[in-house]
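The values are calculated or read from the model by the stated rules, or taken from the named source; none is laboratory data. Model, not experiment: these values are computed from the prediction. Cβ placement follows ideal geometry from the backbone for every residue including glycine, while neighbour counts extend to all protein chains displayed. Heavy atoms of the whole protein, side chains included, go into the accessibility calculation; ligands, DNA and RNA do not. Shrake-Rupley method; radii C 1.70, N 1.55, O 1.52, S 1.80 Å.
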Amino acid sequence: MIGPAARAALEAALGERVRFHAPMSRHTSLRVGGPAEAFATPADRRELAALLGICAEHDLPHTLVGHGFNTLVLDGGVEGVVLQLSRFRRLEERPGGRVLAEAGVSHSQLTRFCSERGLSGLEFGAGIPGTVGGWLAMNAGIAEREIGDATCELEVMTPTGGAIRRLGRESLVFRYRGLRGLAPGSVILSGLLAVVPADASVVRTEVERLLAKRAATQPLHVPSCGSVFKNPPGDYAGRLIEAAGLKGERCGDAEISTLHANFIANRGRARATDVLALVERAQERVLRDLGVRLEPEVRMLGRPE
């Protein structure tokens, strides 16, 4: 619980950039979930450091979200402080074939930036929702390429806000949909990403091709959290869920998408409980019928109601 002293410290440090009992359904792509005790959007690094210091001093947990993709917030809400680095949007070309992107830069901003300047190497991210910070934390990507493949360096704030460190590629351990090696509670501030000069029209054509492919194969017109399960080795979670006969399966207003079975869509007023029921149903049915244990890719935050 956030006590009176902690609340006063948060308000003094962030002013209107911290809100209390903030519904997380407004900050996640699936549009479900209970409230965060506090939801903070620090203006800059100084303010972020102060915020992390307050969390450490008052023993408050802090949780990062980007644009809320790949995230399922449970109906009971999230304890402590939820941080969103939406104001961290610096994006610039650096010498030596590098792009610096802060954590709050969106996928559309990054791909547009590279398309306009004729910088190749990050086209694979076209249409992958979320922000650079989220991409880096979960090593987002496609079968052929992941963001870890393009990462040269991360800039990270320590969990208590006391220091900023630069971590080179050799000290980063990217894995399928994950990044190891950071201290728990660390905050990714930016990534230095490798690019190569290319014809801008060629880059744009590839970005447009990938965007069109996603629009044709994924339910982008309804709220969802993106891919729910990791693909098991040599197979696809969506294929397995469809083979188990679950395409179109519903619980309340949550639905296993009829377009892509590895997506769960909110068809109206779904609750996190409904989504979680479909997650568990898919796991049980695929294991029972096909002998494969599906591992969630979606990050689950908070507590049940």
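What to note about this one:
- With respect to being under 21 Å from residue 218 (Cβ atoms), touching a Phe, Trp or Tyr at 6+ places or on another chain (Cβ under 8 Å), at pLDDT 95 or above and open to solvent by 60 Å² or more (accessible area, probe 1.4 Å), residue 242 falls outside the description.
- Residue, farthest from residue 221 (Cα to Cα), within segment 245-279, restricted to residues that are small (Gly, Ala, Ser), open to solvent by 10 Å² or more (accessible area, probe 1.4 Å) and touching a helix residue (DSSP H, G or I) at 6+ places or on another chain (Cβ under 8 Å): 245
- The one condition in (1) open to solvent by 20 Å² or more (accessible area, probe 1.4 Å); (2) under 16 Å from residue 194 (Cβ atoms); (3) modelled with pLDDT under 95 that residue 177 fails to fulfil: (2)
- Those strands (runs of 3 or more DSSP E) lying entirely in segment 143-258 with at least 1 residues under 30 Å from residue 55 (Cα atoms) and not basic (Lys, Arg): 151-157, 164-168, 173-175, 178-180, 187-194
- Exclusive hit being among the charged types (D, E, K, R) and touching a residue at least 60 places away in the same chain (Cβ under 8 Å), set 284, 297, 280: 297
- Total residues in segment 132-174 satisfying the condition of being closer than 26 Å to residue 227 by Cβ, of a type in the set (Val, Ile, Thr), touching a helix residue (DSSP H, G or I) at 6+ places or on another chain (Cβ under 8 Å) and open to solvent by 20 Å² or more (accessible area, probe 1.4 Å): the figure is 1.
- For segment 16-51, residues that are in contact with a Lys or Arg (Cβ under 7 Å, 6 or more places away or on another chain) and assigned to a helix (DSSP H, G or I) total 1.
- Remark: residue 282 falls outside the filter, which requires a residue to be surrounded by fewer than 20 Cβ atoms within 10 Å (Cβ to Cβ) and in a helix (DSSP H, G or I).
- All of 92, 57, 37, 47 fail the test of being of a type in the set (D, E, K, R), in contact with a His (Cβ under 9 Å, 6 or more places away or on another chain) and surrounded by fewer than 24 Cβ atoms within 10 Å (Cβ to Cβ), apart from 37.
- Hey, residue 73 surrounded by 22 or more Cβ atoms within 10 Å (Cβ to Cβ) and touching a helix residue (DSSP H, G or I) at 6+ places or on another chain (Cβ under 6 Å) or not: yes
- Among the residues here, residue 108 qualifies as open to solvent by 10 Å² or more (accessible area, probe 1.4 Å), in a helix (DSSP H, G or I) and of a type outside the set (A, V, I, L, M, F, W, C).
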